[in-house]
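Nothing in this text is a laboratory measurement; each read-out follows from the coordinates by a stated rule. These numbers were taken from a predicted model, which means no experiment stands behind them. Note: ideal-geometry Cβ built from the backbone for every residue, glycine included; neighbour counts use all protein chains shown.
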Amino acid sequence: MFKRSISLGVLAMLCAPVFAQEKEQESKVEQLDEVVVTDSRFALKRENSGKTVIKISKSEIERNQGRTIAELINTKSGIEITGSRSNAGQNLGVRVRGGNNNQVLVIIDGVQVTDPSQINSEYDLRLLSLGNIESIEIIKGAASTLYGSGAATAVINITTLKAGKDVINASVTSTIGTNQSQDDQDFDIADFTNSVNINGTVNKFNYRLIFNQTFSNGISAAIADNAERDAYSRYGLDLNLGYRFTDNFSINIFGNLTDIDSDFDAGAFSDSEGNEFISDQRRIGLTSKYAYEGGSVNLSASYSSFEREFLSPPFNPFISEGDNFILDVYNKYNFSNKFYTIIGLNVIDNQATFAEDVDFNIIDPYINTVYVSGFGLNINAGARLNNHSEYGSNFIYNINPSYTIKLNDSHYIKFFGSYSTSFITPSLFQLFDQFSGVPDLDPEENLTIEGGAELKLGSKFRASALYFNREEENVLSFDDTNFIYFNGPDQTVDGLETEVDFIPTKNLSLSLNYTFILEDDVELTPEHKANLSVAYNLTPRTFASVSYQFTGERSTFDRRDFSNPIPITLDSFNLINLSFNHTFKNDKVTVFAGVENLFNEDYQDVFGFTTRGFNTNIGFKLNLL
């Protein structure tokens, strides 16, 4: 307790000069976003969208410095990311509406990203630094007609930082903090994150170069007596070059690499020394847009390579390698601001090396149309023909109507629903791994139905509620006894989601969401989950917030005896986090600080693995040019 008081005192002293200064301008409270893109690929007013899209703005990201992208996304409705509260090297399970990793698609700057060396072909969010990101848009529910296999429960659309308008801009961001479990509160500095961002615009040319680095050491991956600390290290380099040839034609070329090196343990409650996980990602690509009257032709293409090594002496290392090529080209056309159409072609070629080289490819033509009437009715509908080298052709479709009743120019109530199908192919690992792969697995087929309403009162208040139902056939499952993949029994998941954003005064904002999953046996998915955030501008330049998260009981298995997995229930838990942020008068320096798990709650995020307890961090952002 004494050490915790000292730590809180240090944070208070750091913030004391912050509270003493005020900015000579009006307080800026973030307004609720009114434009959404991901659900249609057109920039539509929120009132014309048939979804409740989650938007994480640049200011929200800046106010969460010191956290990871997984921690931030985990505060949103319908989402549970297991491992995000654990050791930094813990594998992440992205579970949206009771689904699994293979049902969530990640998009970065308009380009799909997947990792064919992974068990589920999912993209590892640990490869991304939150400090590199401009904004995040999340749509939940099936979006496979626009985005293909893997977009069955959510699409996480990430936009990275843009180049500034000056010839050269440069900034440095640095964070240090503790990294400790509930039982080991020694307050050693053991977590470090640094980044350097150089960017600018010269006439028609723009550029951005970002280097980021993270290191943490302090807690064991597994819960065990006298366990050693498991270190985690990540560094990345991101380069983006853009050129606008004319007002109508532009090209962006990008390249990035990320390397992760992490210690890991033998399993739940099982500490071990010498285990090391190494992950290398290399990615290059381009995006291009040619605009013409009423429309545009858009192209995105990327080539990615991945190598993942698991070293566990004296056993031979397990190495998986994968690479893929992704092409998405589509034509957008706007008919008089009433009909918006997209016709496109999506090509994916996945290759991986396990015991031998394996591959498959997907070639999907697709079409999507949005109708925005002048009397409140809006319809988003589309279809895709999935052509898979292993499974032949499969047709999927969606229809997403909504009806908006305008109360006045800035107030409305919207009713919406959707009926969507998805087709999720097994990964290369699930099909062809020499030990557990099964080549004759059937793909998952999902049907998602949802309906709800949204009320928006100007820029001060927005509330939504919806019901969803997802029916899964041929569920891809793993047999813990025989160590092979199989198609499990059909599964149905029902749930309710509510969200409220409220700005009662110019300095105060509140955000609340709650998710109820009707089934209580969906593995590692809480039946009840709620998030509350209260943010306040203490001065025009000083921001503070307190956030609360309740996560209900979750079912899982004790798999220490693989021949006899035992069903267990993880207890519910409550977390309170604090954050502070201040920008000095010259706009050159921003300081921030945070407290995680204020009351040192004792719980398990992943069964048998260590969870982070009370922790603190402090940092700064320095704009050099």
Requested in this report: List every residue whose amide H lies under 5 Å from the amide H of A154, counting only residues 5 or more places away in sequence or on a different chain, with H placed 1.01 Å from N in the peptide plane.
Outcome: L105, G141
Requested in this report: Using R₀ = 35 Å, calculate the FRET efficiency as 1/(1 + (r/R₀)^6) where r is the Cβ-Cβ separation of R244 and L508; round to 0.05.
Outcome: 0.30
Query raised in the report: What nm distance separates the two modelled labels at V172 and I319, each placed 7 Å from Cα along Cα→Cβ?
Result: 3.8 nm
Query raised in the report: Roughly how many nanometres apart are two label points built 7 Å out from the Cα toward the Cβ at T569 and S59?
Result: 4.2 nm
Query raised in the report: When Lys and Arg each count +1 and Asp and Glu each count -1, what net charge do the other residues less than 9 Å away from F354, Cβ to Cβ, add up to?
Result: -4
Query raised in the report: Can you pull the percent of Cα pairs in region 97-248 with separation above 29 Å?
Result: 38 percent
Requested in this report: Could you rank the peptides 504-513, 151-160, 110-119 by their average count of other C-beta atoms within 10 Å per residue, with the highest value first?
Outcome: 151-160, 110-119, 504-513
Query - Simple spin-label estimate for F375 and Y235 in nanometres, 7 Å along Cα-Cβ - result: 6.4 nm
Query - Label zone at V297, where the point sits 7 Å out along the Cα-to-Cβ direction: region 337-361 residues whose backbone N lies under 17 Å - result: 342-347
Query raised in the report: Cα-Cα over 26 Å: which of K55/K406; K58/K338; K51/K460; K76/K588?
Result: K58/K338; K76/K588
Report task. Could you go through region 492-506 in sequence order and give the Karplus-derived ³J(HN,Hα) for each residue, using 6.51 cos²θ - 1.76 cosθ + 1.60 with θ = phi - 60°, rounded to whole Hz, and x for Gly and Pro? Result -> 10, 10, 10, x, 10, 10, 10, 9, 9, 10, 9, 10, x, 9, 5
Query raised in the report: Which whole-Hz ³J(HN,Hα) couplings does region 474-489 yield from phi under the Karplus relation 6.51 cos²θ - 1.76 cosθ + 1.60, θ = phi - 60°, glycine and proline marked x?
Result: 6, 4, 6, 10, 10, 8, 5, 8, 9, 6, 9, 8, 7, 8, x, x
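Counting residues in region 448-490 as N, plug N into 2.2 N^0.38 Å and put the Cα Rg over that result.
Ratio of Rg to 2.2 N^0.38 Å for region 448-490: 2.10.
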Query raised in the report: Rounded to the nearest 0.05, what FRET efficiency do I484 and S393 have when you use their Cβ-Cβ distance and R0 = 35 Å?
Result: 0.80
Requested in this report: From zero up to wherever the largest Cα-Cα distance of region 325-471 sits, split into 5 Å bins and tell me the percent of pairs in each.
Outcome: 2, 8, 13, 14, 14, 14, 11, 9, 7, 5, 3, 1, 0
Query raised in the report: What is the Cα convex hull volume of the chain when expressed per residue in Å³?
Result: 143 Å³
Query raised in the report: Dividing the alpha-carbon Rg of region 267-377 by 2.2 N^0.38 Å yields what?
Result: 1.69
**Report entry** Centroid-to-centroid separation of region 564-605 and region 371-406 [C-alpha atoms, Å]
**Finding:** 39 Å
Report summary line: Once phi for every residue in region 584-599 is put through the Karplus expression 6.51 cos²θ - 1.76 cosθ + 1.60 (θ = phi - 60°), the whole-Hz ³J(HN,Hα) values, with Gly and Pro written as x, are 6, 4, 7, 6, 8, 10, 10, 10, 8, 8, x, 10, 10, 6, 3, 9
Query - Efficiency of FRET from Cβ geometry, E519 and F562, R₀ 25 Å, rounded to 0.05 - result: 0.45
Query raised in the report: Just from the alpha-carbon atoms, what are the Rg and Dmax of region 572-625 in angstroms?
Result: 15.8, 48
